[in-house]
Each structure stands twice: as structure tokens, then as C-alpha cells.
Amino acid sequence: MKIFVTDTYEQMSRKAANIIAAQVQLKPNSNLGLATGGTPVGMYKQLIKMNEENDINFENVRTFNLDEYYPIDKNNDQSYYTFMNENLFKHVNINEENTNIPNGMADNIEEECKNYDNKIEVAGGVDIQVLGIGHNGHIGFNEPDGIFTKETNCVELTQTTINANVRFFNSIEEVPKKALTMGIGTIMKSKKILLLASGEDKAEIIRIMIEGNIDPKVPASVLQLHPDVTIVLDKKAAGKLSL
Ligand code: F6R
């Protein structure tokens, strides 16, 4: 694992954007695995700026998002489809047809999940997967469990995750209770992983993920087994590491 610690959230975001830009410069038709949530918003802002200044070209880039609530209409304000449009896609020269997010209204969930994994495979796999991390160690929506899930699947969200996401909705009742998520196996197949975390509230889970045992009760701990992981933290999130 390569670990970078920056002073501020803005610096963390810039570093992450530079890593993505370098990936796309070296391979213009990269497949980027993307995340939603608060953490990558600053990185997306930097990428938009770089795109305006012609420092990154999304023309031939394909994207695969980690997850989507279920059920949710893609045009709902809180869908991850809307999030990605608002925070990145509509501001850069990406071809909408090259963007992929699990369908939160799929009739047949199993088929949707299988097709999503197939689509990634047919595209040649994810070159670099951006991840945030939940306070309980989830990556994507892979919650603490007895086993590491393999493929894209439909999960019940834990109360911790529902509580953490209520900030984006009008009330707790509105937060969907399920989600479609890339499995741990799907994430681990990515050629590179870029995990970001900021803030003191993430310091404990970052310590456990990096310095603790590999345990499906801390889904992100599996990343210790991945051969190419870069972690970018602001100094608050790195505050409990014994590095
Ligand atoms: C988002 C995702 C989640 C978030 C995690 C952290 O697509 O899959 O795992 O990365 O919940 O969320 P924030 O960044 O809001 O703290």
C-alpha cells in the first residue's frame, strides 16, 4: 500500500485528481471506477477544472460507478446517477454512453448485477477504482459481514449507513434501505485502487483498515491483499496511524 498524507481536504483532492489525470494521460481509453459520497467531491471539482484547462480528456474514458440505491429512479435528486451528473459528468467532455451506474429500478436485480459485472469484464476491467470508506469499514455498499462478497449484488444497508446518508435526504424514512453494489471480488479485480479519506471521524476506521487484521467485519481490510493500492488521506484521517 502506498499512503500519502496531505495537510488539507483540498490537497487530498488535488493529489487524487492528479493520480486520475496521470492514468488517463497514459491510457486515454481508461476504465475509471468511480464513487459517490462526500469524500470524492473535491477530486471531481479538480478534474472539472483540469478538463477545462485541457489537462485531462474524458472523450474516450469509460466509467463504472460502485453502487446505486435500490429502488430509486435515476432522476431522483438523491440517486447516484444524479450525483454523478451534477458533480462530474455534465461538466466534462465525457460521452454519456460511456458512463455506467447500476440501474436502481431494474426489475430483475440478479440479472442487473450479473450484467454489470459482465459489462466491466467485456470493457477490459477497471483500470483504477476510486473508493471512499464508511465509518464501519464498508467499501461500495459492502457492509461488515461474515464473508467477503464476490460479485455485484443487492444488499440491505445497515442502520449506521442509513444514518450516515440521512444528511442527503429530507428524512430517515426517505433513505432507501437497499443498494446495488459492486462486490468485494469485483472491486479487488480492479488493476489499481485509489482510496480517499478525510476528517477525524475516519481516523479510527483508517487505522483498523491498514493496521488491523483482514476481516470481513471490516470490508476495507481486504485491500491489504490488493497488489496496487494508493491511499490518500488528509492528516486528520491519518491521525491514528502508527506510521
Ligand atoms: C459511495 C460508496 C460509499 C462511500 C462511503 C463514504 O459510492 O460506495 O462506500 O464511499 O460511504 O462516504 P463519504 O465519502 O460520504 O464519507
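Tally the residues that are farther than 18 Å from residue 210 by Cα and surrounded by fewer than 17 Cβ atoms within 10 Å (Cβ to Cβ), restricting the search to the range 1-10.
Of the residues in that region, 3 qualify.
Residue 88 versus (1) out of contact with any Asp or Glu (no Cβ under 9 Å at 6 or more places or on another chain); (2) free of Cβ contacts under 8 Å to residues at least 60 places away in the same chain; (3) surrounded by fewer than 22 Cβ atoms within 10 Å (Cβ to Cβ): which is the lone unmet condition?
So the condition that residue 88 fails would be (3).
Identify, please: which residue in the range 170-190 is among the β-branched types (Val, Ile, Thr) and more than 14 Å from the chain's Cα centre (by Cα) and is, among those, farthest from residue 101 (Cα to Cα)? Give the derivation first.
As a first pass, look at the range 170-190 and keep what is among the β-branched types (Val, Ile, Thr): 172, 175, 181, 184, 186-187.
Add one more test, that the residue is more than 14 Å from the chain's Cα centre (by Cα), and what stays is 172, 175.
Working: 172: 24, 175: 19 Å.
Checked the range 170-190; the qualifying residue farthest from residue 101 (Cα to Cα) is 172.
Identify all residues within the range 98-140 that are assigned to a loop (DSSP other than H, G, I, E, B), closer than 23 Å to residue 37 by Cα, away from the ligand (no atom under 15 Å from the Cβ) and without any contact (Cβ under 8 Å) to a residue 60 or more places away in the chain; write none if there are none.
Answer for the range 98-140, where residues must be assigned to a loop (DSSP other than H, G, I, E, B), closer than 23 Å to residue 37 by Cα, away from the ligand (no atom under 15 Å from the Cβ) and without any contact (Cβ under 8 Å) to a residue 60 or more places away in the chain: just 105.
What number of residues in the range 19-42 are in a helix (DSSP H, G or I), within 20 Å of the chain's Cα centre (by Cα) and either buried (at least 19 other Cβ atoms within 10 Å of the Cβ) or in contact (Cβ under 8 Å) with a residue 24 or more places away in the chain (or both)?
Step one: of the range 19-42, the residues in a helix (DSSP H, G or I) are 19-26, 41-42.
Within this subset, residues satisfying the condition of being within 20 Å of the chain's Cα centre (by Cα) are 19-24, 41-42.
After this cut, where a residue has to be either buried (at least 19 other Cβ atoms within 10 Å of the Cβ) or in contact (Cβ under 8 Å) with a residue 24 or more places away in the chain (or both) as well, the list is 19-21, 23-24, 41-42.
Count: 7.
Could you tell me which numbered condition residue 45 fails, if it satisfies all but one of (1) closer than 30 Å to residue 218 by Cα; (2) part of a helix (DSSP H, G or I); (3) away from the ligand (no atom under 16 Å from the Cβ)?
(3)
Residue 106: surrounded by 16 or more Cβ atoms within 10 Å (Cβ to Cβ) and either touching a Pro at 6+ places or on another chain (Cβ under 8 Å) or over 25 Å from residue 191 (Cβ atoms) (or both), yes or no? Spell out the reasoning first.
Values: surrounded by 16 or more Cβ atoms within 10 Å (Cβ to Cβ): yes; either touching a Pro at 6+ places or on another chain (Cβ under 8 Å) or over 25 Å from residue 191 (Cβ atoms) (or both): yes.
Taking the combined requirement at face value, the residue satisfies it.
Of everything in the range 141-168, what is hydrophobic (A, V, I, L, M, F, W, C), assigned to a loop (DSSP other than H, G, I, E, B) and surrounded by 15 or more Cβ atoms within 10 Å (Cβ to Cβ)? Give them in sequence order.
141, 148, 157
Could you identify the single residue in 50, 84 that is in a helix (DSSP H, G or I), of a type outside the set (Lys, Arg) and within 13 Å of the ligand (Cβ to nearest atom)?
84
Quick check on residue 199: is it on the phi > 0 side of the Ramachandran plot and touching a residue at least 40 places away in the same chain (Cβ under 8 Å)?
yes
Which residue, of 69, 80, is buried (at least 16 other Cβ atoms within 10 Å of the Cβ) and either touching an Asp or Glu at 6+ places or on another chain (Cβ under 6 Å) or hydrophobic (A, V, I, L, M, F, W, C) (or both)?
On inspection, the qualifying residue turns out to be 80.
Read-outs: derived from the displayed coordinates by stated rules, not from any lab. All of these numbers come straight from a predicted model, not from anything done at the bench. Using ideal geometry, Cβ is built from the backbone for each residue, glycine included, and neighbour counts are taken over all protein chains shown.
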